[in-house]
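What follows is a single structure, written as structure tokens, with notes after it.
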Amino acid sequence: MMKIKNLINMTGVLTFILLFVFQSCSSGNDSSDGAAVNAAPSNLSVQVDITGKTAQNPDGDGSGQIQLKINAQNAVSYKVLIDGQLKELKAGDFTYTFTASGTKTYSIIVSAYNAAGQFVSSTTSINVFVARKILWADEFDVNGAPNTSKWGYNTGTGDGWGNNELEYYTTRPENVIVENGFLKIKAIKEEYMGSHYTSARLLTKGKFSFKYGRAEVRAKLPAGGGTWPAFWMLGDNIDTAPWPACGEVDIMEVVGNNPDVNHSSLHSPGRSGNTPDTAITTVTNSATEFHVYAADWTAESIKFYVDDKLFYTFANNSNMPFNQNFFLILNLAMGGNFGGTVDPNFTSATYEIDYVRVYN
């Protein structure tokens, strides 16, 4: 989210540029119509109506829509600089819809022109609320295999998937199935294809990716030493920019050997493996109750939440790999560098997902 101070500075720069351009354009205009044509615009008024604004919703109803009513004496046209866009108008009525979610402060510069190119300007600041809109979701409301238009699989051992993990990922219904409104990923202790455990790993690679927004999962986690459920993202360019150059965003990782402690981490070149970009928070009863794990991602930051409580903010910037499309991953690993020792009495455990949603 752009800080108000930066927004004011940008507004000043843009105002100066507009004044310079407009004055340059008007300096070469000579009118033979005399004083009537050259009368400078005056008494500029700008009325801004925010759709759905009430005492209870002072920043609007969440649609992000506003209406401008502009009027000035001697004006024949108008220009509006809004949300980084320049709009040229012949009439003084104008409707605009903001799309960035949340409540934000916007500066609007309005200029009124006469036929000779002379102008007068006014700047107005408003707060506008834009409700989140779902870009993509899976509510897991159809029993059977996961929706193949939304999810693919990683299968096999992947040589431990870079973490010395112990499971073999399959597509079998014993390991992954949708039942009664929930996706269930089940880790099982069994001998299978040379591995001692089976599980599943689902991903949206090649089916859905996004740049900036909010990704969240509502889930109840497995219990047992050695379990390692996760909800995370990888850069869509991983095939041409291998990890960690592609970037990794771990929204939720909880290991059974340290239950109820959620880890949210970011991996990037020079900051991978035991990354310093990480934080933890306690999630009470994570294996017996559903909780919502989420990340809000912008060009300026990535903020991590559990049940809408912010616990970690990562400062993003243009030099990081977190400014491109990313895809989603759900998996349940066993053991490995992070999962640790598997309880010798472990037989099976289930990672239950109520939904996965991505908002603008």
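Tabulated data for the structure shown
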quantity: GNM top mover of E167, E190, E88 - the chain, alpha-carbon springs below 10 Å; calculated: E88
quantity: Average projection area in nm² (convex hull over Cα atoms of segment 133-189, one quarter of hull surface); calculated: 5.2 nm²
quantity: Globularity ratio of segment 156-205, using Cα Rg and 2.2 N^0.38 Å; calculated: 1.17
quantity: Extended-chain gain in nm, criterion 0.36 nm per residue less alpha-carbon gap, S301 and T171; calculated: 43.3 nm
quantity: Estimated D of segment 86-224 in µm² per second, where Rh is the Kirkwood radius over Cα pairs and Stokes-Einstein applies at 20 °C, 1.002 mPa s; calculated: 106 µm²/s
quantity: Translational diffusion coefficient (Stokes-Einstein; Kirkwood radius from C-alpha pairs) of segment 186-254 at 10 °C, 1.306 mPa s, in µm²/s; calculated: 110 µm²/s
quantity: Protection-proxy order for peptides 120-126, 243-249, 71-77, each taking the mean of Cβ atoms within 10 Å per residue, highest first; calculated: 243-249, 71-77, 120-126
quantity: Cα Rg over Rh - segment 71-168, Kirkwood; calculated: 1.38
quantity: Rounded to 10°, Cα long-axis angle of helix 4-27 versus longest principal axis of the chain; calculated: 40 degrees
quantity: Paramagnetic reach from H196 in segment 157-171 [backbone N under 13 Å; point 7 Å along Cα→Cβ]; calculated: 165-168
quantity: Hypothetical label at N345: residues of segment 209-237 whose amide nitrogen lies under 16 Å (7 Å Cα-Cβ projection); calculated: 223-227
quantity: For the chain, the Rg and Dmax computed from alpha carbons only, in angstrom; calculated: 27.1, 96
quantity: Rg to Rh, two decimals, where segment 204-360 supplies the alpha carbon set and Rh follows Kirkwood; calculated: 0.95
quantity: Alpha-carbon gyration tensor eigenvalues x 5, square-rooted, for segment 37-77, Å; calculated: 32, 9, 4
quantity: The chain, relative contact order [Cα under 8 Å, separation at least 6], %; calculated: 17 percent
quantity: Segment 269-360: Rg to Rh, with Rh as the Kirkwood radius over Cα pairs; calculated: 0.98
quantity: Kirkwood hydrodynamic radius of segment 293-340, Cα pairs, Å; calculated: 12.9 Å
quantity: Modelled FRET efficiency - R0 35 Å, I280 with N317, Cβ distances, 0.05 increments; calculated: 0.90
quantity: Distance histogram in 5 Å bins (all Cα pairs of segment 146-273, percent per bin); calculated: 2, 9, 16, 23, 23, 17, 8, 1, 0
quantity: Percent of Cα-Cα distances greater than 17 Å, calculated over segment 227-282; calculated: 39 percent
quantity: Sparse-neighbour loop sites [trypsin sites (Lys or Arg not before Pro); segment 64-141; at most 11 other C-beta within 10 Å; DSSP]; calculated: K90
quantity: Label-point separation, N127 to V76 (7 Å along Cα→Cβ), nm; calculated: 4.2 nm
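Where a number appears in this text, it was derived from the coordinates with a stated rule and is not lab data. Source: prediction; values computed, not measured. Ideal geometry is used to build each Cβ from the backbone, glycine not excepted, and the neighbour counts take in all protein chains shown.
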